[in-house]
Amino acid sequence: EPEVTQTPSHQVTQMGQEVILRCVPISNHLYFYWYRQILGQKVEFLVSFYNNEISEKSEIFDDQFSVERPDGSNFTLKIRSTKLEDSAMYFCASNNRGRWETQYFGPGTRLLVL
Amino acid sequence: KQEVTQIPAALSVPEGENLVLNCSFTDSAIYNLQWFRQDPGKGLTSLLLIQSSQREQTSGRLNASLDKSSGRSTLYIAASQPGDSATYLCAVRLGGATNKLIFGTGTLLAVQP
């Protein structure tokens, strides 16, 4: 069964460094999402992406964040200058029909900012 | 602002017991509601999706109900097994153009063998 994959599974970085989290959505999907979960807290929406542009973003998704679909298979989340509070599990998700169906989540990347 | 709450926060039951997890949301103008399962350090696995026009959905030993007007959903797990041990999350999608999910606080379930 097709799955969303994410790399790396874990990343440790120094505060102020740039990180890129990578996701490979399910191949025929058209809608892509990033969520994050700070340890012990709720899963929070960051951004949704459709037709090569951001369709919606949360207040968390400020100028330090960007997303890109550099080719036909990858979907990336870049944090330009990481802060301690960016430490979280970051989940990528995708689906084919937007609001009409469930979102399929990847296993997540655990980011630790020191 | 939509708030999603789940009760109880944690639940421990003996194997074989039937159980109910609760989810409540403050804004009844939802498009659909989903139940997910999260295993430690893992991603989210979708269990059931209920559209706003539906009252319930069933998959195997799982049954989810939705009462939109009262802002409540329940997830019923029949004949629980140790393998059901996980965190269960509910998430709502609001009406309108948004596709984002708003997640609840989660219920940590432990099924004792």
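The values are calculated or read from the model by the stated rules, or taken from the named source; none is laboratory data. For clarity, every value in this text was computed on a predicted model and none was experimentally measured. Note that each Cβ is placed from the backbone with ideal geometry, even for glycine, and that neighbours are counted across all protein chains shown.
Restricting attention to the stretch B:16-24, does a residue exist that is within 8 Å of another protein chain (Cβ to nearest Cβ), closer than 24 Å to residue B:97 by Cα and either more than 11 Å from the chain's Cα centre (by Cα) or at pLDDT 95 or above (or both)? Quick ask: steps written out before the conclusion?
As a first pass, look at the stretch B:16-24 and keep what is within 8 Å of another protein chain (Cβ to nearest Cβ): none.
Within the stretch B:16-24, not a single residue is within 8 Å of another protein chain (Cβ to nearest Cβ), closer than 24 Å to residue B:97 by Cα and either more than 11 Å from the chain's Cα centre (by Cα) or at pLDDT 95 or above (or both).
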Report yes if some residue within the stretch B:71-78 is over 18 Å from residue B:8 (Cα atoms) and more than 12 Å from the chain's Cα centre (by Cα); otherwise report no. no
Cβ pairs under 7 Å, 6+ apart or interchain, first in the stretch A:12-24 and under 9 Å from residue A:76 (Cα atoms), second part of a strand (DSSP E or B) and among the basic types (Lys, Arg), ordered by first then second residue, are A:20/A:78
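Can you confirm whether the stretch B:67-78 contains a residue that is within 13 Å of residue B:20 (Cα to Cα), within 14 Å of another protein chain (Cβ to nearest Cβ) and assigned to a strand (DSSP E or B)?
Start the filter on the stretch B:67-78 by keeping residues that are within 13 Å of residue B:20 (Cα to Cα), which leaves B:72-78.
Okay, now just the ones that are also within 14 Å of another protein chain (Cβ to nearest Cβ), so none.
No.
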By residue number, the members of the stretch B:60-107 that are among the aromatic types (Phe, Trp, Tyr) and surrounded by fewer than 17 Cβ atoms within 10 Å (Cβ to Cβ) are B:76
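So which residues in the stretch A:9-22 are touching a strand residue (DSSP E or B) at 6+ places or on another chain (Cβ under 6 Å) and not in a strand (DSSP E or B)? I'd like the intermediate steps shown before the answer.
From the stretch A:9-22, those touching a strand residue (DSSP E or B) at 6+ places or on another chain (Cβ under 6 Å) are A:10-13, A:15, A:19-22; that's our starting set.
Hit for the stretch A:9-22 is A:15, nothing else.
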Among (1) in contact (Cβ under 8 Å) with a residue 24 or more places away in the chain; (2) away from chain A (no Cβ under 13 Å); (3) within 21 Å of residue A:99 (Cβ to Cβ), residue B:34 falls short only on (2)
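From B:21, B:44, B:11, B:49, grab the single residue that is over 17 Å from residue B:84 (Cβ atoms), of a type in the set (A, V, I, L, M) and out of contact with any Cys (no Cβ under 6 Å at 6 or more places or on another chain).
Details: B:21 fails: over 17 Å from residue B:84 (Cβ atoms); B:44 fails: over 17 Å from residue B:84 (Cβ atoms); B:11 fails: over 17 Å from residue B:84 (Cβ atoms).
When all the criteria are applied, what remains is B:49.
If I filter the stretch A:34-52 for residues that are among the basic types (Lys, Arg), surrounded by fewer than 22 Cβ atoms within 10 Å (Cβ to Cβ) and in a strand (DSSP E or B), do I get at least one hit?
Checked against the condition, which is being among the basic types (Lys, Arg), surrounded by fewer than 22 Cβ atoms within 10 Å (Cβ to Cβ) and in a strand (DSSP E or B), the stretch A:34-52 yields no hits at all.
Any idea which of B:93, B:37 is in a strand (DSSP E or B), of a type in the set (D, E, K, R), closer than 24 Å to residue A:95 by Cα and at pLDDT below 95? Before you say what the answer is, go through the steps one by one.
Working: B:37 fails: at pLDDT below 95.
The conditions single out B:93.
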In the set B:28, B:52, B:46, the lone residue that is under 18 Å from residue B:99 (Cα atoms), in contact (Cβ under 8 Å) with a residue 12 or more places away in the chain and out of contact with any strand residue (DSSP E or B) (no Cβ under 6 Å at 6 or more places or on another chain) is B:28
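Out of the stretch A:10-36, which residues are touching a Pro at 6+ places or on another chain (Cβ under 7 Å) and not aliphatic (A, V, I, L, M)? Walk me through how you get there before you give the answer.
Applying the first criterion (touching a Pro at 6+ places or on another chain (Cβ under 7 Å)) to the stretch A:10-36 yields A:26-27, A:32.
Scanning the stretch A:10-36 gives A:27, A:32.
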When residue A:82 is run through (1) more than 30 Å from residue B:50 (Cβ to Cβ); (2) free of Cβ contacts under 8 Å to residues at least 60 places away in the same chain, the failure sits at (2)
Is the stretch A:87-106 home to any residue that is away from chain B (no Cβ under 14 Å) and in a strand (DSSP E or B)? no
